1. Quick one: grab the alpha carbon gyration tensor of the stretch 6-71, order the square roots of its eigenvalues as a ≥ b ≥ c, and give me rounded if a/c is under 1.5, else prolate or oblate depending on whether a/b is larger than b/c.
2. In square nanometres, what is the average projected area of the Cα convex hull of the chain?
3. Looking at the chain as a GNM with Cα springs under 10 Å, which of A118, A174, A27 has the largest mean-square fluctuation?
4. Given labels modelled 7 Å from the Cα in the Cβ direction, how far is it in nm from V42 to L113?
5. Sort out for me the Cα centre separation of the stretch 288-346 from the stretch 207-282, rounded to whole Å.
6. Probe 1.4 Å, all protein chains in place: accessible area of K289 in Å², nearest 10?
7. Assuming a ≥ b ≥ c are the square roots of the Cα gyration tensor eigenvalues, decide whether the stretch 188-346 counts as rounded (a/c under 1.5), prolate (otherwise, with a/b larger than b/c) or oblate.
8. Which of the lysines could a cross-linker bridge to K92, judged by Cα under 19 Å and excluding same-chain residues fewer than eight apart?
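The values are calculated or read from the model by the stated rules, or taken from the named source; none is laboratory data. From a predicted model like this one, the values you see are computed outputs, not experimental measurements. Don't worry about glycine lacking a Cβ; one is built from the backbone with ideal geometry, like all the others, and counts go over all protein chains shown. Side chains included, ligands, DNA and RNA excluded: accessible areas come from the protein's heavy atoms. Shrake-Rupley method; radii C 1.70, N 1.55, O 1.52, S 1.80 Å.
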Amino acid sequence: MPDTDLQQRKILVTGGAGYIGSHTSLALLEAGYEVVVLDSLVNASQEALRRVELLVGRSLTFIEGDVRDRNCLDRLFSKHDIHAVIHFAGLKAVAESVAEPLAYYDTNVNGSLTLCQAMQAAAIFRLVFSSSATVYGPDAPVPYREQMPRGWPASPYGASKAMVERVLEDLCAADSRWSVALLRYFNPIGAHESGLMGEDPRGIPNNLLPFIAQVAVGRRGRLGIFGSDYPTRDGTCERDYVHVMDLAEGHVKALEHLGSSGSYAYNLGTGQAVSVLAMVNTFQEVSGKEIPYDVSQRRQGDLAAFWADPTLAFDELGWQAQRNLDDMVRDTWRWQAANPHGYSAE
Ligand code: NAD
Ligand code: WQD
């Protein structure tokens, strides 16, 4: 049975200062939850949390710490009566994971193991895990459906997500007190409608939308489009882009659904595939800025096209993406135009 009495409860959000975590923390506060954020700030700014508090008009608790630090977790769980955990903390750059597999397995796998061990010791058994469409692997037919088996993702990043899913499934099989949602995000983009919060990657962006937005705002010269010879409608890769506030609301729904014993995987996507060229054109139309680009070689590991079948999340969680591509692009641009350097002042 879904838990109906979750509000006013404290939720631990690991990685809550990051892109998806900060937007989800805002959605949780707006839904009436209390929020404790644990974040090492390795890839985030505390300013994101200040803006969450500003927008909601309520405060959250921030703890600077590492999810691999068992003592830190034990102290946190003894001090706060945590009802459920949403686990975002992790490293997410695919190419970096190929170069530094140990760092990725340590943070993403070991961090998740340490978190679960500390949760078990504190008798906290409700968990929402940030998984990824990448767990379907390179050979899966589209659209991706949850009942399909996991594949073997090409990168250590993807493999780390598949491994943690397996660990959580085994944990649920061994102990019926656990209730776990595995949320498989497709391509999160966009920003909070206020323009005060958004994605703020460190260094050169790996992902398409932050790169386009930085070209539009004058921080980068030209976009490189990675290949135009794919077997797609216009030759560029197609992805299922989903608004970060839709994702945030998906986490609240998943949390409210926790309570049944076991692990449940859900796709969080729109079910629509958009090409790189279509994205560039939409961004130009919405922002009124020209996005100069060159077509370069394919990026190693990129798949031609994949998108979600999001039916299960609708049927079981009552979740469906509400925002369309124009909304995603407009909100990205509003954030980037108002904050050309992200959360840092210069
Ligand atoms: P992000 O980098 O903005 O957020 C991750 C957060 O975790 C950051 O705030 C970072 O400082 C923190 N962190 C990293 N290592 C930590 C550690 N050891 N201890 C404590 N905090 C730590 O990334 P995001 O886009 O918000 O992604 C959040 C989660 O969703 C990640 O697990 C990511 O793998 C997953 N995910 C992201 C995408 C995407 O495209 N953005 C897609 C699928 C899944
Ligand atoms: C989108 C499209 C590129 C940048 C990654 C991870 C995935 C998930 C989401 C975490 C692709 C093209 C990109 C650029 C380009 N993350 N592109 N020029 O690769 O679909 O997914 O982020 O779980 O696991 O793999 O997203 O935004 O990098 O790329 O042409 O400068 O844009 O080739 O077709 P991707 P992306």
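1. Oblate, since a/c reaches 1.5 and b/c is not below a/b.
2. Working: hull surface 64.0 nm².
For the chain, averaging the hull's shadow over all directions gives 16.0 nm².
3. In the Gaussian network model the winner is A174.
4. About 1.6 nm separates the two model spin labels.
5. Comparing the Cα centres of the stretch 288-346 and the stretch 207-282, I get a distance of 4 Å.
6. 90 Å²
7. Working: a/c = 2.15, a/b = 1.36, b/c = 1.58.
Since a/c reaches 1.5 but b/c is at least a/b, the shape of the stretch 188-346 is classed as oblate.
8. K92 reaches K161.
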